[in-house]
Structures are given as structure tokens and as C-alpha cells.
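The values are calculated or read from the model by the stated rules, or taken from the named source; none is laboratory data. Note that this is a predicted model, so its numbers are computed, not measured. Ideal geometry is used to build each Cβ from the backbone, glycine not excepted, and the neighbour counts take in all protein chains shown. Surface areas here come from the heavy atoms of the whole protein model, side chains and all, with no ligands, DNA or RNA. Shrake-Rupley method; radii C 1.70, N 1.55, O 1.52, S 1.80 Å.
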Amino acid sequence: MTKLEQISETSPESIIADGFDDAIIGLSWDSKVVYDANKCIEILIGEDEITYDDAIEFLEFNTFSAYVGENTPIFIYPMND
């Protein structure tokens, strides 16, 4: 079962960020989809062939800070050990 299928089955009210399926790392306790922000940046750079700085600027303005309701996805920068 894919991550999207798991989310659809367990939390159908969750909101998915289009194009960033490979960056999903889980669900929060309140059923918000959690994304790895670094992976989102990598996806955007790979698909749109833009610079790292442009990808961050785009995502911070258009995606990371967007509020689309109670189930707005969460974007995190995972910490290294």
C-alpha cells in the first residue's frame, strides 16, 4: 500500500500538496500530512530545473506558509543525529 493510499484510508480529510508525494514522511497526531521540506526542495529543483535558492523562495512563499484550512499540511526540516 502506498503512502497516499494509507492516508486516503486512514485520514481522508487530510490535504495533500500536489507534486510532493515522494516527500511525505508521515501523519501528525491530528491527521495532517507531514512533509520533509528538504525533499520538497529537491523535487522542485529536479522538475523545474531552478536553483536551490529559487526553490526555497518559491516554496516558502507559495507552499510552506500557505494556510488551506484546518488540515493544512506540515512541512519540516528534519534534524540530523
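What does the charge count near residue 16 come to, summing +1 for each Lys or Arg and -1 for each Asp or Glu among other residues with Cβ under 14 Å from its Cβ? Cβ neighbours under 14 Å give a net charge of -4.
Normalised per residue, the accessible area of the chain is 69 Å², obtained with a 1.4 Å probe and no contribution from ligands, DNA or RNA.
The local environment of residue 6, defined by Cβ-Cβ distances under 15 Å, has a net charge of -3 under the rule Lys, Arg +1 and Asp, Glu -1. Computed in the context of the full set of protein chains, the accessible area of region 1-75 at 1.4 Å probe radius has 50% of its extent on carbon or sulfur. Evaluate E = 1/(1 + (r/R0)^6) for residue 48 and residue 16, where r is the Cβ-Cβ distance and R0 equals 22 Å; express this FRET efficiency to the nearest 0.05. Rounded to the nearest 0.05, the efficiency is 0.70.
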